[in-house]
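Asks: I'd like to ask some things about the structure below.
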Amino acid sequence: MAKSVRAVRAATQLTADSREEMLDRVSEMVTEVMAANGLGVDDFISLIFTATADLHAEFPAYAARQLGFDDVPLLCARELEIDGSMPRVVRLLAHVETDLARQDVTHVYLHGAAALRRDLTKVRAVPDE
């Protein structure tokens, strides 16, 4: 079976706007996406990160660079500021090459962000303990 381009979504929520937590939570999110979908760095075409306006301590993409995403295009952007939206959230949209069918892709929502996409049938949601 030939590889196809697929999109994978993920999100995580931070408890505070600190550089250390940004790097830890984003690294965890990217690593979970890789594990849940059987992906290596070479399978990624690009990653787009968004962060809510209350996060300024570090670029989310820097965490991916530390994981070895040296020659993968990365982009950081600001999430829309919608009244009542969840605070301190980093979201990810990754474009990957994979053998997985679209319906078999696992999207990853961690910590408080696990509440964002309960509607997805194929999601790995890990709430805070």
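Asks: In the list 88, 65, which residue meets the criterion of being over 11 Å from the mean Cα position of the chain (by Cα), basic (Lys, Arg), modelled with pLDDT of 95 or more and surrounded by fewer than 18 Cβ atoms within 10 Å (Cβ to Cβ)?
Replies: Numbers: 88 fails: surrounded by fewer than 18 Cβ atoms within 10 Å (Cβ to Cβ).
Exactly one residue qualifies, and that residue is 65.
Asks: Within the range 96-110, can you find the residues that are assigned to a strand (DSSP E or B) and surrounded by fewer than 16 Cβ atoms within 10 Å (Cβ to Cβ)?
Replies: Taking the range 96-110 and keeping what is assigned to a strand (DSSP E or B), we get 96-98, 107-110.
Matches in the range 96-110: 97 only.
Asks: Separate question: Residue pairs, Cβ under 6 Å, 6 or more apart or interchain, first in the range 20-41 and crowded, with 18+ Cβ neighbours inside 10 Å, second β-branched (Val, Ile, Thr). List them.
Replies: 25/12; 26/90; 29/12; 32/108; 33/8; 33/108; 37/106; 39/96
Asks: Could you look through the range 68-84, keep only residues that are without any contact (Cβ under 8 Å) to a residue 24 or more places away in the chain and more than 20 Å from residue 109 (Cα to Cα), and pick out the one that is surrounded by the fewest Cβ atoms within 10 Å (Cβ to Cβ)? First the steps, then the outcome.
Replies: In the first step, residues of the range 68-84 are kept if they are without any contact (Cβ under 8 Å) to a residue 24 or more places away in the chain; the result is 70-71, 80, 82-84.
Keeping just the survivors that are more than 20 Å from residue 109 (Cα to Cα) gives 70-71, 83.
Numbers: 70: 10, 71: 8, 83: 4.
By that ranking, first place goes to 83.
Matching residues to (1) small (Gly, Ala, Ser); (2) under 12 Å from the mean Cα position of the chain (by Cα); (3) within 14 Å of residue 90 (Cα to Cα):
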| residue | (1), (2), (3) |
| --- | --- |
| 4 | yes, no, no |
| 17 | no, no, yes |
| 26 | no, yes, yes |
| 29 | no, yes, yes |
| 34 | no, yes, no |
| 38 | yes, no, no |
| 42 | no, no, no |
| 50 | no, yes, yes |
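Asks: Please work out which one of (1) at pLDDT below 95; (2) within 25 Å of residue 3 (Cβ to Cβ) is the condition residue 110 fails and give its number.
Replies: For residue 110, the exception is condition (2).
Asks: Only one of (1) part of a strand (DSSP E or B); (2) surrounded by fewer than 19 Cβ atoms within 10 Å (Cβ to Cβ); (3) touching a helix residue (DSSP H, G or I) at 6+ places or on another chain (Cβ under 8 Å); (4) not hydroxyl-bearing (Ser, Thr, Tyr) fails for residue 58. Which number is that?
Replies: Against the list (1) part of a strand (DSSP E or B); (2) surrounded by fewer than 19 Cβ atoms within 10 Å (Cβ to Cβ); (3) touching a helix residue (DSSP H, G or I) at 6+ places or on another chain (Cβ under 8 Å); (4) not hydroxyl-bearing (Ser, Thr, Tyr), residue 58 comes up short only on (1).
The values are calculated or read from the model by the stated rules, or taken from the named source; none is laboratory data. Small disclaimer: the values here were computed from a predicted structure and weren't measured. For neighbour counting, all protein chains shown are included, and Cβ atoms are generated from backbone atoms with ideal geometry for every residue, glycine included.
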